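J.: Pasting a structure below so you can have a look.
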Amino acid sequence: MFKKNLGIYSLVFVFALSLFFLLGQNIMVQAKSDGEFIIYGSGEEEYVSVAVEEFTKATGIEARYLRLSTGECFNRLRAEKNNPNASIWFMGPGDVYRVAAKEGLLYPYISPSAKNIDPSLKDPKGYWTTFVRVPFGFVSNKEILDKAGLPIPTSWDDLLDPKYKGQVVMSDPFTSGTAYTILSSLVALMGEEKAFEYLTKINENILQYTKSGSAPGRMVGNGEAMTGLIFISNAVQQQKQGYPLTISVPIEGVGYSQELTAVIAGAPALDDAKAFIDWILSTDGQKIMQTHFKTFIYSNPDVPIAKEAAETFENLKLIDRDMVWAADQSERLKEKFHEEIFMNR
Amino acid sequence: MKNVNEINTSKFKRVQNGIESLFIPVGISLMLIWIAIFIIYPFINMFSSSIFVDGEYSLKYFSYQRSAYYFKIFKNTLMLGLSTASLSTILAFLLAFGITQVKIKGKRFFHFIYLLPTITPPFLFSLSVIILFGRRGIITYHLLRLSTNIYGYPGLVLAQVMTFFPFAYLLLRSLLVNLNPSLDEAAFVLGANQIKKFKTITLPLMTHGIVGAFVLIFMFSIADIGNPIILGGDYSVWASEIYASVVGQYNLSLGAAMALTLIIPVTALFFFQKYLENKNNFAMITGKPSQSKLIIEIPKVSKFFSIFFILFSIFIVLLYLMILSGSITKLIGINYGLTLKHFKTIFSGDSRGIKTIMDTLILGGAATILGTLFSIILGYILVRKENLPGRNILDFFLTMPLALPGVAIGIAYVIGFNKEPFAWAGSALIIIAILTIRLIPYDLRVIVKGIKQIDVSILDASYILGGNDYKTFTKIVAPLIRESIIASIIYNFTRAITTISAVIFVVSVNWDLVSAAILNKVEEGKVGQASAYGVVITLVAIVLNLALINYGRKKEIEA
């Protein structure tokens with residue numbers, strides 16, 4: 001049977017291969033159907049899918065989303081510059097948005113919903129606006145802390161206690177955006193010299209600098225370390241998985257990631273895109289999002305911190321960190337971190 | 001071929017031959033288009049993007065790597081590669097030697113167990129290692145009350161050896177099986193004892209094979225990203241650093257420069273290994289494996305190997321048990337309550353689980369079919385058309401993707417297929433292409449070997465009797481190499497559904513792969529779901545492998 005059919009197989013093969021090449025061309029054409037409203041989301045899948053779902057529920061506007069990592073999304077915007085598929089870029093850290101705006105990839109839109117939003121949280125020309133701020137914090141394994149006779153840490157200095165030796169986990173600034181947020185916030189809080197002194201001291205207690213930003217949560221949850229540094233929103237998700245994590249914040253202040261949103265230049269569905277920005281920045285929109293994600297700090301001042309997060313955020317003090325400065329210093333600080341901290345392990 | 005056509009007087013036959021004679025030209029041109037777009041283009045592109053910074057020529061990203069930090073990770077990479085390769089080769093040699101030369105019971109069972117790790121999705125062994133030997137590990141903490149740090153070098157070596165040893169085992173086993181038994185017999189007749197025979201005959205004949213296995217595993221180790229991402233800790237290695245530069249820094253140019261740096265030594269090693277393999281073929285295969293193979297029957301030796309095999313098998317099974325229990329407990333390490341919720345989440349309607357598994361099977365299936373068919377036709381052309389101009393260059397380009405570390409290919413694809421005229425990133429096309437180019441080199445070797453075993457006179461007879469290339473190919477070559485075809489299908493499918501390094505950058509929301517989904521789930525701390533994916537895909541792979549092997553056996557009996 002095999003013998004007889006082989007001739008047919010070969011023909012099918014040639015046919016399939018040609019089809020395959022045609023298919024490649026087709027995919028791009030097909031993606032650009034007339035003015036379809038597509039959103040590129042760089043936040044975690046869950047954030048993006050919920051936002052799109054709730055937006056459609058509230059406005060009746062249909063939207064399709066694609067979840068891409070920040071870097072991937074940025075590269076794609078560049079690639080599609082002359083012929084963009086998507087109309088909205090949703091979430092992702094501030095520094096990348098600035099570069100995108102500079103390169104002409106974003107469309108300036110000042111939404112009426114943004115008028116109460118603090119000027120430091122939006123671009124004066126409207127290229128981007130902050131959707132939420134996501135603070136990081138300490139996650140601890142209470143059981144192990146108790147055994148060691150340590151309280152839940154509430155200050156940066158708490159982590160310097162020798163009892164923490166080999167018990168603190170944070171991610172590596174070189175490989176994780178979370179870790180750079182932590183590093184640059186420390187520099188903003190203490191000044192560069194003091195910050196590096198601090199990092200040198202805590203280096204003794206660090207078990208490991210993980211590759212991924214969320215790994216410390218998993219490790220602390222497993223009891224492999226006492227305390228880790230991660231974004232609080234990630235910690236909450238891991239708590240939901242069943243990891244025994246206690247969240248706390250240092251009284252001196254913590255840094256945060258500024259998650260933005262913007263209209264893409266040349267948006268095929270400009271009106272829908274504007275409607276999305278209007279909704280996601282509005283009090284109603286952000287209140288709805290808050291029912292899903294309680295540990296974000298929403299940009300609209302009319303949306304107070306959620307009741308459920310109030311206890312965690314009681315001592316929350318956000319470190320003022322200039323995004324432009326942080327982006328400019330990024331390469332230098334990371335290298336310094338490597339040379340002075342990482343290499344001295 | 002002209003002569004052949006003249007013999008055919010029937011008009012119908014001539015027309016048919018007209019179409020069929022297109023077989024070779026069409027095959028060659030498709031192959032050229034394929035190589036140009038999917039192999040040459042992305043690499044030229046990657047090269048240029050690493051030396052042009054903002055449109056200007058600069059070696060910034062290469063000079064960057066001269067810092068102490070990169071020297072350190074280079075050293076780490078080397079250390080890890082050497083350790084993993086040595087341990088894997090020693091282990092694999094022991095296993096292969098025991099299986100082929102020593103009298104023990106249950107060989108088929110042990111063989112099956114040793115091959116199991118080839119179908120493990122990435123990351124999962126790493127997770128098992130953490131669960132068993134981590135600070136809170138079941139063995140290290142709960143059993144032995146130790147507080148160990150498994151992250152970094154020790155854990156990585158352990159996980160890599162367990163992941164890669166089967167490849168060395170397969171290689172060494174096939175050499176041992178093919179050792180000419182008449183040498184053994186001669187030694188026996190001449191009065192050499194078993195140990196002397198091993199020292200003077202078996203080992204020297206195996207040298208090339210052992211070096212080959214070592215180089216192969218070394219290459220696997222330094223190209224591996226799955227284990228270092230999870231288990232690496234502070235012990236950074238080159239490949240995982242490349243991954244991080246793209247995902248954490250959005251710096252494709254740095255990633256490209258780092259990938260290019262890795263390409264040179266790895267390619268050199270690859271061709272060294274290929275050279276050894278060729279050399280080996282002459283040295284060893286002198287006849288068919290004979291029935292009257294001499295097998296070591298010293299009770300002490302048998303006992304040693306039996307115990308060793310049993311212990312090692314238990315260890316492999318233990319690693320799998322950890323994956324299985326991860327999938328059916330609420331949260332392994334913390335809450336051992338039994339649950340089916342992870343499977344339910346994956347298979348529930350609104351999750352992406354079913355889609356991810358289906359995508360994996362569809363894309364893996366497509367790549368399997370494409371890769372196999374491609375290789376059959378290419379193999380035929382490469383073997384039969386020896387005077388084809390540029391034949392060696394073609395062979396080189398087709399083999400290259402196997403030599404390159406997966407991350408390098410991934411980066412080349414991200415850079416190359418994110419812009420016009422080939423803005424295909426995120427499409428099924430790209431994922432299938434990246435899987436296929438990685439499969440073709442292996443398939444090609446298997447199939448070329450198969451074709452070469454066909455007696456040339458049969459093919460010549462076909463030409464003389466009026467068969468053209470197409471007829472000779474379909475009626476004679478293809479049926480005769482059925483076994484090679486089945487072998488390459490099995491390999492393709494298994495690789496396609498478990499690979500991670502090359503595809504991690506090209507998966508998208510439209511098309512997802514299980515291996516990438518497992519990484520995401522691990523990152524989110526959803527170890528249960530990650531394990532459940534692993535269990536599902538391992539089962540699918542086992543079932544498909546067994547089905548194909550059985551199919552092959554059945555056909556053999558029929559024929």
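The values are calculated or read from the model by the stated rules, or taken from the named source; none is laboratory data. Nothing here was measured: the structure is a model prediction, and the numbers come from that model. Positions of Cβ are backbone-derived with ideal geometry, glycine not excepted, and every protein chain shown enters the neighbour counts. Each accessible area value is taken on the protein alone, full model and side chains, heavy atoms only, with ligands, DNA and RNA left out. Shrake-Rupley method; radii C 1.70, N 1.55, O 1.52, S 1.80 Å.
J.: Return the pairs, sorted by first residue and then second, in which the second residue is open to solvent by 10 Å² or more (accessible area, probe 1.4 Å) and at pLDDT 90 or above, the first residue lies in region A:241-256 and is in a strand (DSSP E or B) and small (G, A, S), the beta carbons are less than 7 Å apart, and the residues are 6+ apart or on different chains.
T.: These pairs meet every condition: A:S248/A:I152; A:S248/A:T154.
J.: A further question on this structure: Out of region A:307-323, which residues are farther than 17 Å from A:T178 by Cα and either modelled with pLDDT of 85 or more or open to solvent by 20 Å² or more (accessible area, probe 1.4 Å) (or both)? If you could, list the steps in order and put the result at the bottom.
T.: Our first condition is that a residue be farther than 17 Å from A:T178 by Cα; within region A:307-323, this holds for A:307-317.
Within region A:307-323, A:K307, A:E308, A:A310, A:E311, A:T312, A:E314, A:N315, A:L316, A:K317 qualify.
J.: OK, next. When the residues of region B:246-274 are narrowed to those that are at the interface with chain A (Cβ under 8 Å from one of its Cβ atoms) and in a helix (DSSP H, G or I), which ends up surrounded by the most Cβ atoms within 10 Å (Cβ to Cβ)?
T.: Ranking the candidates gives B:V246 first.
J.: Between B:Y442, B:Y533, B:Y463, which is among the aromatic types (F, W, Y) and over 24 Å from B:L116 (Cα atoms)? Lay out the reasoning, then the answer.
T.: On the way: B:Y442 fails: over 24 Å from B:L116 (Cα atoms); B:Y533 fails: over 24 Å from B:L116 (Cα atoms).
When all the criteria are applied, what remains is B:Y463.
The rows are residues; the columns are (1) over 21 Å from B:V535 (Cβ atoms); (2) modelled with pLDDT of 95 or more; (3) open to solvent by less than 10 Å² (accessible area, probe 1.4 Å).
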| position | (1), (2), (3) |
| --- | --- |
| B:L80 | yes, yes, yes |
| B:S83 | yes, yes, no |
| B:S88 | yes, yes, yes |
| B:L94 | yes, no, no |
| B:T100 | yes, no, no |
| B:K105 | yes, no, no |
| B:R108 | yes, no, no |
| B:L124 | no, no, yes |
| B:I138 | no, no, no |
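J.: Sticking with this structure for a sec: Residue check: is B:A461 among the small types (G, A, S), modelled with pLDDT of 80 or more and open to solvent by 10 Å² or more (accessible area, probe 1.4 Å)?
T.: Details: among the small types (G, A, S): yes; modelled with pLDDT of 80 or more: yes; open to solvent by 10 Å² or more (accessible area, probe 1.4 Å): yes.
For B:A461, the condition - among the small types (G, A, S), modelled with pLDDT of 80 or more and open to solvent by 10 Å² or more (accessible area, probe 1.4 Å) - is met.
J.: Inside region B:195-211, can you point out the residues that are surrounded by 19 or more Cβ atoms within 10 Å (Cβ to Cβ) and farther than 23 Å from B:S88 by Cα?
T.: Residue satisfying the conditions is B:K197 alone.
J.: In addition: Limited to region B:347-367, what total is found for residues that are closer than 30 Å to B:I476 by Cα and either in contact with a Cys (Cβ under 8 Å, 6 or more places away or on another chain) or open to solvent by less than 10 Å² (accessible area, probe 1.4 Å) (or both)? Full working, then the answer.
T.: Within region B:347-367, the subset closer than 30 Å to B:I476 by Cα is B:364-367.
Okay, now just the ones that are also either in contact with a Cys (Cβ under 8 Å, 6 or more places away or on another chain) or open to solvent by less than 10 Å² (accessible area, probe 1.4 Å) (or both), so B:364, B:367.
Number satisfying all stated conditions: 2.
J.: A further question follows. Among helices (runs of 4 or more DSSP H) lying entirely in region B:454-527, which contain 3 or more residues that are within 12 Å of chain A (Cβ to nearest Cβ) and out of contact with any strand residue (DSSP E or B) (no Cβ under 8 Å at 6 or more places or on another chain)?
T.: Working: elements: B:456-464, B:482-498, B:514-523.
Here the list reads B:482-498, B:514-523.
J.: Continuing with the same structure: Looking at (1) of a type in the set (F, W, Y); (2) in contact with a strand residue (DSSP E or B) (Cβ under 9 Å, 6 or more places away or on another chain); (3) outside any strand (DSSP E or B), which is the only condition A:Y209 fails?
T.: With respect to (1) of a type in the set (F, W, Y); (2) in contact with a strand residue (DSSP E or B) (Cβ under 9 Å, 6 or more places away or on another chain); (3) outside any strand (DSSP E or B), A:Y209 is out only on (3).
J.: Could you tell me whether any residue of region B:60-67 is more than 14 Å from chain A (Cβ to nearest Cβ) and open to solvent by 50 Å² or more (accessible area, probe 1.4 Å)? Reasoning before the result, please.
T.: Keep residues of region B:60-67 that are more than 14 Å from chain A (Cβ to nearest Cβ), which gives B:62.
Those still in the list that are open to solvent by 50 Å² or more (accessible area, probe 1.4 Å) too: B:62.
Yes, region B:60-67 contains at least one residue that is more than 14 Å from chain A (Cβ to nearest Cβ) and open to solvent by 50 Å² or more (accessible area, probe 1.4 Å).
J.: Is it true that some residue in region B:417-434 is within 16 Å of the chain's Cα centre (by Cα), assigned to a helix (DSSP H, G or I) and away from every other protein chain (no Cβ under 14 Å)?
T.: no
J.: Among the residues of region B:323-333, count how many are open to solvent by less than 20 Å² (accessible area, probe 1.4 Å) and more than 20 Å from A:K240 (Cα to Cα).
T.: Pass one, region B:323-333, residues open to solvent by less than 20 Å² (accessible area, probe 1.4 Å): B:323, B:326-327, B:329, B:331-332.
Those left that are additionally more than 20 Å from A:K240 (Cα to Cα): B:323.
The total comes to 1.
J.: Can you tell me which of B:S182, B:S174 is among the polar types (S, T, N, Q), part of a helix (DSSP H, G or I), touching a residue at least 60 places away in the same chain (Cβ under 8 Å) and over 30 Å from B:Y336 (Cα atoms)?
T.: Numbers: B:S174 fails: touching a residue at least 60 places away in the same chain (Cβ under 8 Å).
Answer to the selection: B:S182.
J.: Test A:K147 against the stated conditions and say whether it is of a type outside the set (S, T, N, Q), touching a residue at least 24 places away in the same chain (Cβ under 8 Å) and open to solvent by 20 Å² or more (accessible area, probe 1.4 Å). Before you say what the answer is, go through the steps one by one.
T.: Values: of a type outside the set (S, T, N, Q): yes; touching a residue at least 24 places away in the same chain (Cβ under 8 Å): no; open to solvent by 20 Å² or more (accessible area, probe 1.4 Å): yes.
In short, no.
J.: May I ask you to say which residue of A:A188, A:A267, A:A179, A:A262 is more than 14 Å from every other protein chain (Cβ to nearest Cβ) and in a helix (DSSP H, G or I)?
T.: Details: A:A267 fails: in a helix (DSSP H, G or I); A:A179 fails: more than 14 Å from every other protein chain (Cβ to nearest Cβ); A:A262 fails: in a helix (DSSP H, G or I).
When all the criteria are applied, what remains is A:A188.
J.: Considering only residues that are in a helix (DSSP H, G or I) and among the polar types (S, T, N, Q), which ones fall in region B:185-200? Let's see the steps before the verdict.
T.: The first filter runs over region B:185-200 and keeps only residues in a helix (DSSP H, G or I), leaving B:185-189, B:194-200.
Result: B:Q194, B:T200.
J.: Counting only residues that are more than 9 Å from chain B (Cβ to nearest Cβ), among the hydroxyl-bearing types (S, T, Y) and either in a helix (DSSP H, G or I) or within 16 Å of B:N418 (Cβ to Cβ) (or both), how many does region A:64-98 have?
T.: Residues meeting the conditions: 1.
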